[in-house]
Amino acid sequence: MTSREPRSVVSVAPGVVFVEGPVSNWVVLAEEDGVALIDAGYPADTDLVLETVQYAGHDLDDLRRVYVTHGHVDHVGGLPGILARYPDVEVLAHADELDNVRGPGRQQVTPAEIGGRLASPRVLRWLARAIRSDALRPTTVSSARAFTGADFDGRAITPLPAEGHTDGSTAYLLPAANAIVTGDAVVSRHDTQPASWSPRPRMITPFFTADQDRAIASARALPIPEILLPGHGPAVHRVGSEWVPVSA
């Protein structure tokens, strides 16, 4: 691996590998015609994202597309570096999210705003990690396009609306894996939250979200199957009435 190390890499089902990255997460997905990613980390994560594709057993030349949950820099920041090496990779997002994905401006609270509003030690530690991840680097993904229903024909993945965190936030249901990839619509834990909080489906810290009321309503409407693959925190699965981290 690169000097940046994932917190965990787990195979949650055949062809589905979840990466809990240094600060945010992504998924490596085997598809019928190649390999897909769901999200791509911060700008500093480009090499690590590509290495995890290989770690999952795939050839990088088979990388075909990236499905985006939402356009925050910790989820699309790795894309410019990936596209510089693999320009034919498609980037797909909800139509309402394209401005956020394409950038460079996006519907996202800035590190300066966060640091000025809530300077708790855990928030400042998270902020330092974000800045080390190149959170301040201008990020553009001009080739991103809106997905359509045809993009999912014959594929074992279904997009679901999860707006509120951003205007076009999207979750992706993986029925064969009994899993859902939620981005930041639902997380299991975030570094700005108390370390004592056990990982389970929960809302992200509110100041990251554009419309909290809308986000709560969207989250409540999402089907949550056996396995949750969040944008932050470990993958968790349901055991009876409890949620526990998925083991490597």
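The values are calculated or read from the model by the stated rules, or taken from the named source; none is laboratory data. Source: prediction; values computed, not measured. Note: ideal-geometry Cβ built from the backbone for every residue, glycine included; neighbour counts use all protein chains shown. Each accessible area value is taken on the protein alone, full model and side chains, heavy atoms only, with ligands, DNA and RNA left out. Shrake-Rupley method; radii C 1.70, N 1.55, O 1.52, S 1.80 Å.
Observations on the model:
- Among residues of the range 74-130, those that are farther than 18 Å from Ala210 by Cα, of a type in the set (Asp, Glu) and more than 17 Å from the chain's Cα centre (by Cα), counted: 1
- Selection count where residues are free of Cβ contacts under 8 Å to residues at least 60 places away in the same chain, in contact with a strand residue (DSSP E or B) (Cβ under 8 Å, 6 or more places away or on another chain) and open to solvent by 20 Å² or more (accessible area, probe 1.4 Å), scope the range 29-58: 5
- The single condition from (1) surrounded by fewer than 14 Cβ atoms within 10 Å (Cβ to Cβ); (2) among the hydrophobic types (A, V, I, L, M, F, W, C); (3) modelled with pLDDT of 95 or more that Ala112 fails is (3).
- Enumerated strands (runs of 3 or more DSSP E) restricted to the range 133-248, each holding at least 2 residues that are surrounded by 23 or more Cβ atoms within 10 Å (Cβ to Cβ) and of a type outside the set (A, V, I, L, M, F, W, C): 170-174, 179-183
- Residues of the range 17-28 that turn out to be assigned to a strand (DSSP E or B), open to solvent by 10 Å² or more (accessible area, probe 1.4 Å) and in contact (Cβ under 8 Å) with a residue 40 or more places away in the chain, as a count: 1
- Taking the range 61-101 as the range and being assigned to a helix (DSSP H, G or I), more than 13 Å from Thr166 (Cβ to Cβ) and either in contact with an Asp or Glu (Cβ under 6 Å, 6 or more places away or on another chain) or open to solvent by 10 Å² or more (accessible area, probe 1.4 Å) (or both) as the test, the residues that pass are Asp61, Asp62, Pro80, Gly81, Leu83, Ala84, Arg85.
- One residue from Ala150, Ala146 being without any contact (Cβ under 8 Å) to a residue 24 or more places away in the chain and either of a type in the set (D, E, K, R) or more than 23 Å from Ala235 (Cα to Cα) (or both): Ala150
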